[in-house]
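Peer 1: Could you have a look at this structure, given as structure tokens, before my questions?
The values are calculated or read from the model by the stated rules, or taken from the named source; none is laboratory data. None of the values given here were measured: they were computed from a predicted structure. Cβ coordinates were reconstructed from backbone atoms using ideal geometry, including for glycine residues, and neighbour counts include every protein chain displayed.
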Amino acid sequence: MTKTIAELFDLSGKNAIVTGGALGIGQAIAFRLAEAGASIMIADINPDAAKQTVEQITSQGGSAQWIHADARSAEDAKKSVEATVEAFGSLDILVNNAGIYPISPVLDIGEEKWDRVFDINLKSVLFHTQIGAKEMIRAGQGGKIINMASMEGLHPREDMAHYTTSKAGVIMLTKSLALELAPHNILINVIAPGGVLTPGTMALASETKARGITLKEGMESFLARLPLSRFATPDDVARVALFLASSASEYMTGSVLVVDGGYLLS
């Protein structure tokens with residue numbers, strides 16, 4: 001039977017993990033999934049921000065908890081999945097959102113910085129998905145996994161070789177995972193955002209300023225390439241995540257949804 005629009009986007013009874021869900025895009029995704037009825041486990045290393053996000057969700061009548069978890073740790077990924085199942089009964093939606101984006105000229109990238117970016121941005125996606133998918137397979141109900149890449153994973157950008165390469169890896173890893181896990185009805189897609197105004201990107205803008213380009217100049221240069229003439233908000237990305245988490249995307253897996261305001265068109 002055909003579902004109504006309300007039914008398509010109703011996540012009541014679904015339970016989700018959002019890595020890096022305390023702030024920025026992850027927080028916005030947690031808010032939208034909770035608004036649609038899902039119970040949310042915030043997996044983050046920032047206890048104060050995570051508690052505040054949980055309080056905001058619960059104050060609106062939603063269901064949320066948080067767990068201190070380092071995205072780089074497979075053991076913490078296992079703890080996050082176990083805590084979610086213990087608290088809510090199942091794991092139905094996994095959002096691999098945690099990520100970092102330090103600036104560094106390619107000739108200055110050291111082994112430690114390269115490994116840290118790849119551990120947080122790419123390795124975390126593999127092991128959270130692996131552990132989360134095993135739980136979904138055990139439960140036999142399938143599930144939705146949403147990975148966060150970047151438009152920078154689709155084209156190069158100076159001073160960010162480590163970041164762009166890690167996000168390109170997320171895109172290909174998503175496709176590989178989607179292919180292997182489709183028989184279990186686990187649908188995996190990836191979002192590639194463009195310029196989003198978050199605390200992290202504002203910190204990045206300050207770094208740019210320190211390198212001889214003012215914040216105003218950097219923002220004006222970026223906006224000049226944007227057909228939609230504005231930066232994205234975290235909620236612009238969260239709405240796409242809600243679509244991928246919902247029944248509205250039941251025939252999609254291995255897809256890349258670019259949310260960049262048209263930046264890559266220019």
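Peer 1: Pairs please, first residue from segment 7-20 and at positive phi, second anywhere and in a helix (DSSP H, G or I) and surrounded by 22 or more Cβ atoms within 10 Å (Cβ to Cβ), Cβ atoms under 8 Å, 6+ apart in sequence or on different chains.
Peer 2: That search, which allows pairs on different chains as well, returns GLY20/GLY26.
Peer 1: Out of everything in segment 215-249 that is exposed (fewer than 13 other Cβ atoms within 10 Å of the Cβ) and part of a loop (DSSP other than H, G, I, E, B), what residue ends up being nearest to the chain's Cα centre (by Cα)?
Peer 2: Here the answer is ARG230.
Peer 1: Every residue in segment 132-163 that is within 17 Å of the chain's Cα centre (by Cα), of a type outside the set (Ser, Thr, Tyr) and assigned to a helix (DSSP H, G or I), please. Write out each step before concluding.
Peer 2: Residues of segment 132-163 within 17 Å of the chain's Cα centre (by Cα): 132-133, 143-154, 163.
Cutting the leftovers down to of a type outside the set (Ser, Thr, Tyr) gives us 132-133, 143-149, 151-154.
Result: GLY132, ALA133, MET151, GLU152, GLY153.
Peer 1: Those residues that are charged (D, E, K, R) and surrounded by fewer than 24 Cβ atoms within 10 Å (Cβ to Cβ), I need them from segment 33-83; list them, please.
Peer 2: Here is the first cut: in segment 33-83, the residues charged (D, E, K, R) are 35, 44, 48, 51, 55, 70, 72, 75-76, 78-79, 82.
Within segment 33-83, GLU35, ASP48, LYS51, GLU55, ASP70, ARG72, GLU75, ASP76, LYS78, LYS79, GLU82 qualify.
Peer 1: Return the residues of segment 11-28 that are within 14 Å of the chain's Cα centre (by Cα) and either farther than 19 Å from ALA77 by Cα or of a type in the set (Ser, Thr, Tyr) (or both); say none if nothing qualifies. It would help to see each step written out before you state the result.
Peer 2: To start, the set of residues in segment 11-28 that are within 14 Å of the chain's Cα centre (by Cα) comprises 16-28.
Across segment 11-28, the qualifying residues are THR19, GLY24, ILE25, ALA28.
Peer 1: Could you tell me which numbered condition ALA98 fails, if it satisfies all but one of (1) part of a helix (DSSP H, G or I); (2) in contact with a helix residue (DSSP H, G or I) (Cβ under 8 Å, 6 or more places away or on another chain)?
Peer 2: (1)
Peer 1: Which of the residues that make up segment 146-197 are farther than 28 Å from SER229 by Cα and of a type in the set (Val, Ile, Thr)?
Peer 2: THR174, ILE186, ILE188
Peer 1: Return the residue satisfying two criteria in turn: it lies in segment 12-30 and is of a type in the set (A, V, I, L, M, F, W, C) and crowded, with 23+ Cβ neighbours inside 10 Å, and of such residues it is nearest to ILE131 (Cα to Cα). I'd like the intermediate steps shown before the answer.
Peer 2: Here is the first cut: in segment 12-30, the residues of a type in the set (A, V, I, L, M, F, W, C) are 16-18, 22-23, 25, 28-30.
Now narrow it down to the ones that are crowded, with 23+ Cβ neighbours inside 10 Å: 16-18, 22, 25, 28-30.
On the way: ALA16: 14, ILE17: 12, VAL18: 14, ALA22: 21, ILE25: 23, ALA28: 24, ILE29: 21, ALA30: 20 Å.
In this case the residue turns out to be ILE17.
Peer 1: Inside segment 118-141, can you point out the residues that are of a type in the set (Ser, Thr, Tyr) and more than 10 Å from LEU181 (Cβ to Cβ)?
Peer 2: So in segment 118-141, the residues of a type in the set (Ser, Thr, Tyr) come out as 124, 129.
SER124, the sole residue that qualifies.
Peer 1: With of a type in the set (Ser, Thr, Tyr) and assigned to a helix (DSSP H, G or I) as the only criterion, which of THR2, THR84 stands out?
Peer 2: THR84
Peer 1: In the set HIS184, HIS128, which member is surrounded by fewer than 17 Cβ atoms within 10 Å (Cβ to Cβ), modelled with pLDDT of 95 or more and of a type outside the set (D, E, K, R)? Before you say what the answer is, go through the steps one by one.
Peer 2: Details: HIS128 fails: surrounded by fewer than 17 Cβ atoms within 10 Å (Cβ to Cβ).
One residue alone meets the criteria, HIS184.
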